[in-house]
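Novice: Sharing a structure here in structure tokens format.
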Amino acid sequence: MKEIYIRKPLSKPMRFLRKLPVFSRFISNTKEKKDWTKECLGANNLILFDTYARYAYYCKEIEQTVPKDCRLILYLLNPAFFSEEYKLLSDRWEIWTFMEEDAKKYGFRYGATFYNPQLSNIPANPHSLGVKQKESLLFIGTNKGRKDFLLNLKAKLKPCGIKCDFRIVDNFKSLYDKNYSREVDYFTLCHLTKESCALLDVVQKGQTGLTLRFMEGLLFNKKVVTTNVHIKENKDFGNNSNIYVLTPYNINELNTFLNKPSTAYPQKLKEKYSFEKWLERLDKKTEAE
């Protein structure tokens, strides 16, 4: 298996410039690599994630480069409503998704979410507090219409003694608004996850699939507090004692949940959502169960 990066990090001067909040609003953190399509030559199977804003453009570039017998897969890591770029693809592309509901609704194939087991071996953080934070709730993510909910929730939880580390990421707005934070790299996020009591998962309206917060919780044996009411119907996580479905009516009971010790997730569950099993499903064209 070979990883191909369509975009690459900026040069050092541009990276320095982007660190300045004013410029971070206008400068992307990556730029397109020259001749990246040449790296696709010789591939028998090719998977593209929908993590690029204009992924249909990249799909077209790939299709014009690879042989006709190359298997092409677009994998949606976002709900279908996030972008309709998939409608611009030719019939050569198989569309797989992390959301079972989207698979049923749009005729996609369901591959589920996955985590990278190598993240469990990240080196120790030299700035770590050394002790897990009791009754602490971690959220790191962009606004996506969630800011007011997060600030209101934090205000309600503070009197209960729950420490809320909520980081709404926006480099530009963090310059003048204390409610926003600078971006956090993924390894730092994993360190913060390991030191937290529980992760807060705030889904967008219409989203039912398992997010990366669940995968991080699974990997690090962490509790997950989620606004995804559909999780109760999930056979893998619906009845798990580490999961708390947050509603307007049970906020006062959250402290009790956080005070309880977390339990290790079953090894079979970790194997099911591992990257290796995910790749195996795609290779065998077998949908997740």
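The values are calculated or read from the model by the stated rules, or taken from the named source; none is laboratory data. Everything numeric in this text was worked out from a predicted model, so none of it was measured. Because the Cβ atoms are built from the backbone with ideal geometry, glycine has one as well, and the counts that use them run over all protein chains shown. For accessibility, only protein heavy atoms count, side chains too; no ligands or nucleic acids. Shrake-Rupley method; radii C 1.70, N 1.55, O 1.52, S 1.80 Å.
Novice: Determine if segment 33-55 includes at least one residue that is of a type in the set (Gly, Ala, Ser) and not in a loop (DSSP other than H, G, I, E, B).
Specialist: No, that holds for no residue.
Novice: Let me ask another. For residue 76, are the conditions met, namely being free of Cβ contacts under 8 Å to residues at least 40 places away in the same chain and more than 19 Å from residue 108 (Cα to Cα)?
Specialist: So residue 76 fails the test.
For every residue, the table says whether it meets (1) of a type outside the set (Val, Ile, Thr); (2) open to solvent by 30 Å² or more (accessible area, probe 1.4 Å); (3) assigned to a strand (DSSP E or B); (4) at pLDDT 90 or above.
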position	(1), (2), (3), (4)
183	yes, yes, no, no
199	yes, no, yes, yes
209	yes, no, no, no
224	no, no, yes, yes
258	yes, no, no, yes
283	yes, yes, no, yes
289	yes, yes, no, no
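Novice: Here is a further query. Could you check residue 229 against (1) crowded, with 17+ Cβ neighbours inside 10 Å; (2) free of Cβ contacts under 8 Å to residues at least 60 places away in the same chain; (3) of a type in the set (Val, Ile, Thr) and say which number it fails?
Specialist: For residue 229, the failing item is (1).
Novice: Working only within segment 57-81, note down all residues that are under 23 Å from residue 278 (Cα atoms), out of contact with any strand residue (DSSP E or B) (no Cβ under 8 Å at 6 or more places or on another chain) and crowded, with 16+ Cβ neighbours inside 10 Å.
Specialist: 78, 79
Novice: Then there's this: Sort through 169, 203 and tell me the only one that's surrounded by fewer than 19 Cβ atoms within 10 Å (Cβ to Cβ) and among the aliphatic types (A, V, I, L, M). Spell out the reasoning first.
Specialist: Numbers: 203 fails: surrounded by fewer than 19 Cβ atoms within 10 Å (Cβ to Cβ).
Within the list 169, 203, the selection yields 169.
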